[in-house]
1. When you check Gln304 against the structure, is it outside the structural domain of Arg102 (by the TED database), within 16 Å of Leu204 (Cβ to Cβ) and open to solvent by 80 Å² or more (accessible area, probe 1.4 Å), yes or no?
2. If you take the residues in region 189-213 that are in contact with a helix residue (DSSP H, G or I) (Cβ under 6 Å, 6 or more places away or on another chain) and over 25 Å from Val294 (Cα atoms), which one is surrounded by the fewest Cβ atoms within 10 Å (Cβ to Cβ)?
3. For Val226, all conditions in the list (1) within 26 Å of Glu271 (Cβ to Cβ); (2) open to solvent by less than 50 Å² (accessible area, probe 1.4 Å); (3) among the β-branched types (Val, Ile, Thr) hold save one; what is the number of the exception?
4. Please go through (1) free of Cβ contacts under 8 Å to residues at least 60 places away in the same chain; (2) surrounded by fewer than 12 Cβ atoms within 10 Å (Cβ to Cβ) for Gly332 and return the number of the only condition it doesn't satisfy.
5. If you take the residues in region 118-129 that are in contact with a strand residue (DSSP E or B) (Cβ under 8 Å, 6 or more places away or on another chain) and part of a helix (DSSP H, G or I), which one is surrounded by the most Cβ atoms within 10 Å (Cβ to Cβ)?
6. Any residue in region 304-316 that is without any contact (Cβ under 8 Å) to a residue 60 or more places away in the chain and touching a Pro at 6+ places or on another chain (Cβ under 6 Å)?
7. Anything in region 335-345 that is open to solvent by less than 60 Å² (accessible area, probe 1.4 Å) and either within 12 Å of Cys310 (Cβ to Cβ) or of a type in the set (Asp, Glu) (or both)? List them, or say none.
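The values are calculated or read from the model by the stated rules, or taken from the named source; none is laboratory data. The model shown is predicted, which means the values in this text are computed figures rather than measured ones. When we count neighbours, we look across all protein chains shown, and the Cβ atoms used for this are built from the backbone with ideal geometry, even at glycine. The protein model used for the area step is the full one, side chains on, heavy atoms only, and it has no ligands, DNA or RNA in it. Shrake-Rupley method; radii C 1.70, N 1.55, O 1.52, S 1.80 Å.
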Amino acid sequence: MFKYIKIEENSRIPKYKQIVDSIIYNISTGNLKMDEKIPSINMFSEEYLLSRDTVEKAYNILKERQVIISIRGKGYYIARTKLISKVNILFLINKLSSYKMRIYNSFINSIGGTSHTDLHIYHCEEELFLNLLEKNKNAYDYYVIMPHFKNEKLKHSSFTSRVVKAIDEIPKNKLILMDNLISEIKGSFIEIYQDFENDIYDSLQEGFSKILNYEKLFIAYPESSVYPYPKRILHGFRKFCVQHNIDFEVLEEIYDDMILKKGDLFITITESDLVNLVNQIRNQEFELGNDIGVISYNDTPLKQLLGITCISTDFKAMGETAARMIMDKEKGKVKNPFRFIDRNSL
């Protein structure tokens, strides 16, 4: 095995991850066979001058992913996993955002390295999406699709008749629809979705006791955008405000030189609006989370670090669920968890 495994001394990639990736790669190419015995932890560490802890960490990850198994008294062997034969996956997302990449990375980490996944971004463009599907017709074992499109006025569209027709031609046992439902697609396949209208409504209900501390609720919802958001988000926001008789206003964006007042509470959708708003709150010497509240849509690690309250789907769970359902050959519709994440900005 040592003639196949490559460990780059000067690489910034951790050594344990290099071991994991190299072993998985060599299984997928056929250099390492099912049931083949692999070197012990001690032998591996001696061969590559690595610490025993580094090799043990790599082997534990491989065992968790069911790539290898350990047999007491005999050693480690390549396992007969469900996906040991290379599975090819086409992963289509509408934009290259931090949260879409969290879904993708979670999917990759969960499904393991015995599959090969090609990531393509179609930028909410119908023609680019259709060309990608046509070009890769019958070329993959699975097609993971997040359907979000824009029309000629740069408004959000879940699908068009051409999109429905193209997706409907994918065999249902190969289709995984994620993030956004297309009810026109019939049959038994994998669906992991957000309920955009009820998700925002339910999460605001969860934070209702804190929202009551503010006098007026604003949402910065861009009607037109290169990467537009579902209008159902706005419907859920309005439903919450009307039901609770809350004074509210819908803004196209967070404008420069906004007139801010103590008691305002803002929900921002885009990252740029969040940054602009927080800067103006600070520049006008209001106290964030006390004088003026901020809730951001879609959580990120940076928002967690900065203490920004969020309402967000669980991106990690979405990727994990899709990978598990593929591996377990499940079908069905799963609503992804959506949460109110209480932090310092509210």
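1. Numbers: outside the structural domain of Arg102 (by the TED database): yes; within 16 Å of Leu204 (Cβ to Cβ): no; open to solvent by 80 Å² or more (accessible area, probe 1.4 Å): yes.
It is false that Gln304 is outside the structural domain of Arg102 (by the TED database), within 16 Å of Leu204 (Cβ to Cβ) and open to solvent by 80 Å² or more (accessible area, probe 1.4 Å).
2. Out of the qualifying residues, it is Phe189.
3. (2)
4. With respect to (1) free of Cβ contacts under 8 Å to residues at least 60 places away in the same chain; (2) surrounded by fewer than 12 Cβ atoms within 10 Å (Cβ to Cβ), Gly332 is out only on (1).
5. Pass one, region 118-129, residues in contact with a strand residue (DSSP E or B) (Cβ under 8 Å, 6 or more places away or on another chain): 118-122, 124-126, 129.
Add one more test, that the residue is part of a helix (DSSP H, G or I), and what stays is 126, 129.
Details: Glu126: 17, Phe129: 25.
Result: Phe129.
6. Scanning region 304-316, I find at least one residue that is without any contact (Cβ under 8 Å) to a residue 60 or more places away in the chain and touching a Pro at 6+ places or on another chain (Cβ under 6 Å), so the answer is yes.
7. Going through region 335-345, the residues open to solvent by less than 60 Å² (accessible area, probe 1.4 Å) turn out to be 336, 338, 340-341, 343, 345.
Of everything in region 335-345, those that are open to solvent by less than 60 Å² (accessible area, probe 1.4 Å) and either within 12 Å of Cys310 (Cβ to Cβ) or of a type in the set (Asp, Glu) (or both) turn out to be Phe338, Phe340, Ile341, Arg343, Ser345.
Residues checked against (1) under 18 Å from Ile167 (Cβ atoms); (2) in contact with a strand residue (DSSP E or B) (Cβ under 6 Å, 6 or more places away or on another chain); (3) assigned to a helix (DSSP H, G or I):
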site: Ile89; (1), (2), (3): yes, yes, no
site: Ile103; (1), (2), (3): no, no, yes
site: Ser110; (1), (2), (3): no, no, yes
site: His116; (1), (2), (3): no, yes, no
site: Asn131; (1), (2), (3): yes, no, yes
